[in-house]
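**Q** Submitted below is the structure of interest, expressed as structure tokens.
The values are calculated or read from the model by the stated rules, or taken from the named source; none is laboratory data. Since the model is a prediction, treat every value here as computed from it, not as a measurement. Don't worry about glycine lacking a Cβ; one is built from the backbone with ideal geometry, like all the others, and counts go over all protein chains shown. Heads up: the accessible areas ignore ligands, DNA and RNA and are worked out on the full protein's heavy atoms, side chains in. Shrake-Rupley method; radii C 1.70, N 1.55, O 1.52, S 1.80 Å.
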Amino acid sequence: MCTLTWWIESSERYEVFFNRDEKKDRPVAAPPSEGHVDGVAYLAPTDPGAGGTWIVANEYGVVFALLNGYDIEPGEEPAGGWRSRGLLV
């Protein structure tokens, strides 16, 4: 299970802490690297197995993260196969 915690230091500063997953066979993530989308800079780590990311922070201080959300019973595989939810970020 992933966990997300934030700590508000002041009205202009906060910190975000994220535990990716306890899955032992998951490959080690690539460290955060800078990217740009529509002229906005961001930092995000990369999952080398699935290709996406689970957390991103942009130059404006906006943070977006995906947490696990497992169903008790997995649904049917969609046409075209499963894709990483990390591609949403």
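**Q** Go through region 49-76 and give me each residue that's open to solvent by 80 Å² or more (accessible area, probe 1.4 Å) and at pLDDT below 90. Before the answer, list the steps.
**A** Applying the first criterion (open to solvent by 80 Å² or more (accessible area, probe 1.4 Å)) to region 49-76 yields 59-60, 62, 64, 67, 70-74, 76.
Correct list: LEU67, TYR70, ASP71, ILE72, GLU73, PRO74, GLU76.
**Q** Restricting the first residue to region 15-42 and requiring it to be closer than 22 Å to THR5 by Cα, which pairs with a second residue that is loosely packed, with under 10 Cβ neighbours inside 10 Å and among the charged types (D, E, K, R) meet a Cβ separation below 9 Å and a spacing of at least six or different chains?
**A** Short answer, once both residue conditions are applied: GLU15/GLU9; TYR42/GLU34.
**Q** Can you tell me which condition ARG83 does not meet? The list is (1) open to solvent by 70 Å² or more (accessible area, probe 1.4 Å); (2) in a strand (DSSP E or B); (3) among the charged types (D, E, K, R), and all the others hold.
**A** Condition (2) is where ARG83 drops out.
**Q** Starting from residues that are of a type in the set (A, V, I, L, M) and touching a Leu at 6+ places or on another chain (Cβ under 6 Å), keep the ones in region 27-66 and report whichever is farthest from GLU12 (Cα to Cα). Step through it out loud before you land on a result.
**A** Looking only at region 27-66, we keep the residues that are of a type in the set (A, V, I, L, M), and these are 28-30, 37, 40-41, 43-44, 50, 55-57, 62-63, 65-66.
Filter once more, keeping what is touching a Leu at 6+ places or on another chain (Cβ under 6 Å): 57, 65.
On the way: ALA57: 15, ALA65: 20 Å.
The extreme case among them is ALA65.
**Q** Would you confirm whether any residue within region 38-47 is within 10 Å of the chain's Cα centre (by Cα) and of a type in the set (A, V, I, L, M)? Can you show your working first?
**A** Step one: list which residues in region 38-47 are within 10 Å of the chain's Cα centre (by Cα), which gives 44-47.
Remaining after also requiring of a type in the set (A, V, I, L, M): 44.
Yes, there is a match, as at least one residue in region 38-47 is within 10 Å of the chain's Cα centre (by Cα) and of a type in the set (A, V, I, L, M).
**Q** Looking at region 1-10, which of its residues are among the polar types (S, T, N, Q) and within 15 Å of the chain's Cα centre (by Cα)?
**A** Applying the first criterion (among the polar types (S, T, N, Q)) to region 1-10 yields 3, 5, 10.
THR3, THR5, listed by residue number.
**Q** Pick from region 31-48 the residues that are within 19 Å of TRP82 (Cβ to Cβ) and either among the acidic types (Asp, Glu) or part of a loop (DSSP other than H, G, I, E, B) (or both): which of them is least open to solvent (accessible area, probe 1.4 Å)?
**A** Kept after step one, since they are within 19 Å of TRP82 (Cβ to Cβ), are these residues of region 31-48: 46-48.
Still in the list and also either among the acidic types (Asp, Glu) or part of a loop (DSSP other than H, G, I, E, B) (or both): 47-48.
Values: ASP47: 18, PRO48: 80 Å².
Here the residue is ASP47.
**Q** Going through region 1-10 one residue at a time, which ones are surrounded by 12 or more Cβ atoms within 10 Å (Cβ to Cβ) and part of a loop (DSSP other than H, G, I, E, B)?
**A** CYS2 - this is the single residue of region 1-10 that is surrounded by 12 or more Cβ atoms within 10 Å (Cβ to Cβ) and part of a loop (DSSP other than H, G, I, E, B).
**Q** Can you work out which of the residues in region 11-30 that are open to solvent by 60 Å² or more (accessible area, probe 1.4 Å) and more than 21 Å from GLY49 (Cβ to Cβ) is nearest to the chain's Cα centre (by Cα)?
**A** Selected residue: PHE17.
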